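In what follows, a structure is listed as structure tokens, so that the remarks can point back to it.
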Amino acid sequence: MFEVLTQKLNKVFSSLGSKGRLSEKDIDEALRQIRLALLEADVNFKVVKSFLASVKEQAMAAKVLESLTPAQQIIKIVNEELVNILGKERNHLTAASHPPSIAMLVGLQGSGKTTTAAKLALHLRNTGQRPLLVAADTRRPAAIDQLVMLGKQLEIPVSAEDVKVAPLTVCRQALKQAQEMAATWVIVDTQGRLHIDEAMMKELAQLKAEIRPLEVLLVVDAMTGQDAVNAAEEFNKNVGLSGLILTKMDGDARGGAALSIKFVTGLPVKFIGTGEKASALEPFYPDRLASRILGMGDMLTLIEKAEGAFDEQHAKQLQKKMRTAELNLEDFLSQLHQIKKMGSLTQLLELLPGFSKLAPSVSHEDEEKRLRKIEAIILSMTPEERRTPTIIGGSRRRRIAKGSGTTPGDVNQLLNQFYQMQKLAKMAATGRLPKNLTGMLGK
Ligand SMILES: Nc1nc2c(ncn2[C@@H]2O[C@H](COP(=O)(O)OP(=O)(O)OP(=O)(O)O)[C@@H](O)[C@H]2O)c(=O)[nH]1
Ligand SMILES: [Mg+2]
């Protein structure tokens, strides 16, 4: 759902990518573009303002980490601020000390309450709970049938009465049934109306007072943008909410609601709905959503790892060599050591956007073995051979293989790998690498 926003943010980042140092003017220009992108995505203006102020403050104060390029630093700051705005931590459902725990779902018409009730029940059953669904939306006969049907499909019990029975009575009955079947969770589906409506709020408030749920979750359609944020404020004022569930996150909406709602209402998002199927409900993880918005695969994890493990001075030298394409086998060896410090090569490849397909499917152990072999081969070479590997012919190859306990074939394979890497470095030096990769290599 964040495709457009992601594209725009990436454009901002790649425009920073070629710069060695960022001036305040560069940062301001980047922030201006980020601001436009967020507003276009329908993010609440208060959120945008606060977000940009924090990003700017940190960007100006940021220590220049030698291992990160300026673009990477900005990505890192933007990511951290996104996570802040989205609510930092995952929020779990609050369970009662004596079961059953009760969750009441409220929301405007068509926001996805009934579907979400079923999804939530399934999620709870999958985590070892015994849920009971309650059809307390008696405004539309079809609503009861809808829930009963969903319950049947999922083999989850539904407590339902005739449409003429008042929601309060339905809930009382349901709580009895919950005791009898020793349900651990009771999920109440309620009526929705097209607009915020006094009668609806009153009924919901009464129902809440009667059944005393620990969770009153507002189900909001993420595609409705700022209206969703307004609805959340109204429901919170009139009924009192414990959290939010954002539905239809799979749609092509601009995503502003998801980005604003926590900040504006102070209410945590607990789940997101990502499709029509009963299994399409996910716990809400702010950090995962942030990296989804930034569209960087797990580039952020990579940045963190690089920050932690990269020897700054060394990285700088290497970068210079990459630029001038003077890379030799000694560099290759020390790069292997860096990679070892950062985790396995396979893991690293998997983290790079577009590179996951290239990651060889070997076990960690096999890979360690391979790395050790490569190391042994390079260590068996003379310094001259390491610097100018082209001089390695048949007899040198045999000598190196013998010295490292490998075969001439292994030596050959390593040399070929090295030449490929050298080619890549040359491409980077002349700017012929795919765009996102050059930015990340710090070219
Ligand atoms: N794509 C998608 N569709 C969803 C999602 N959640 C709900 N829907 C669809 O949205 C429509 C409305 O869902 P309902 O669960 O009936 O909504 P409601 O809030 O109970 O509606 P009322 O009872 O009329 O107030 C249905 O067609 C659902 O399949 C979601 O996360 N993604
Ligand atoms: Mg419904």
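Normalised by the number of residues in the stretch 5-155, the average gap of Cα pairs under 8 Å and 6 or more apart makes the relative contact order 17 percent.
3J(HN,Hα) along the stretch 94-105, derived from phi through the Karplus expression 6.51 cos²θ - 1.76 cosθ + 1.60 where θ = phi - 60°, amounts to 8, 9, 6, 6, 10, x, x, 7, 10, 10, 10, 9 Hz, with x in place of Gly and Pro. Under 5 Å from the amide H of residue 225 lie the amide H atoms of 257, each residue being 5 or more positions distant or on a separate chain, with H modelled from the backbone and absent for Pro and chain starts. Phi-derived couplings, Karplus 6.51 cos²θ - 1.76 cosθ + 1.60 at θ = phi - 60°, listed residue by residue for the stretch 384-397: 5, 5, 5, 7, 10, x, 5, 6, 6, x, x, 6, 4, 4 Hz, with x used for Gly and Pro.
Among DSSP beta bridges whose residues both lie in the stretch 158-301, state the antiparallel percentage, nearest 5.
On the way: 3 of 11 bridges.
About 25 percent, rounded to the nearest 5.
What is the Cα centroid distance between the stretch 395-413 and the stretch 116-143, reported in whole angstrom? Their Cα centres are 66 Å away from one another.
Net charge near residue 289, counting Lys/Arg +1 and Asp/Glu -1 over other residues with Cβ under 12 Å of its Cβ?
Details: positive: 88, 90, 262, 288, 292; negative: 282, 287.
It works out to a net charge of +3.
Subtracting the Cα-Cα distance from 0.36 nm times the residue separation, let me have the gained length for residue 193 to residue 39 in nm, one decimal. Intermediate values should be presented prior to the final figure.
Numbers: separation 154, 0.36 × 154 = 55.44 nm, distance 2.87 nm.
Full-extension gain reported as 52.6 nm.
For residue 238, neighbours were defined as the other residues whose beta-carbon sits under 14 Å from its Cβ, and their charges (Lys and Arg +1, Asp and Glu -1) total -1.
We did not get these values from a lab; they are worked out from the coordinates using the rules stated. Source: prediction; values computed, not measured. Cβ: placed from backbone, ideal geometry, glycine included. Neighbour counts: every protein chain shown.
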